[in-house]
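Accompanying notes for the structure given below.
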Amino acid sequence: MAIVVNLDVMMAKRKMSLNELSEKVGLTLSNLSILKTGKAKAIRFSTLEAICKALACQPGDVLEYVNDEQEATTRY
């Protein structure tokens, strides 16, 4: 996958639990969990905006582009 979701990294940096983020963003735990584990196929800008506001970060802190060659190299 070319887009990597670093939500767990940002949550750890901000010492914020999934429950706390869920309350601040207004998303269910299951939807946040899908996003956090990288299983989401899409994200709405309004959701990304709410996450960035709650974590005091930029979209690039949460989402990262990794091309397939880099991904294969970093996995092994």
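Table: residues versus (1) out of contact with any His (no Cβ under 6 Å at 6 or more places or on another chain); (2) part of a loop (DSSP other than H, G, I, E, B); (3) at pLDDT 95 or above.
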| site | (1), (2), (3) |
| --- | --- |
| Val4 | yes, no, no |
| Met11 | yes, no, yes |
| Lys15 | yes, yes, yes |
| Ser22 | yes, no, yes |
| Lys39 | yes, yes, no |
| Ile51 | yes, no, yes |
| Cys57 | yes, yes, yes |
| Asp61 | yes, no, yes |
| Gln70 | yes, no, no |
Does segment 15-23 contain any residue that is surrounded by 12 or more Cβ atoms within 10 Å (Cβ to Cβ) and basic (Lys, Arg)? no
Hits in segment 32-42 - residues which are surrounded by 15 or more Cβ atoms within 10 Å (Cβ to Cβ) and free of Cβ contacts under 8 Å to residues at least 12 places away in the same chain: Ile34
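The values are calculated or read from the model by the stated rules, or taken from the named source; none is laboratory data. Just so you know, these numbers come straight off a predicted model, no measurement behind them. Glycine gets a Cβ as well: all are built from the backbone with ideal geometry, and neighbour counts include every protein chain shown.
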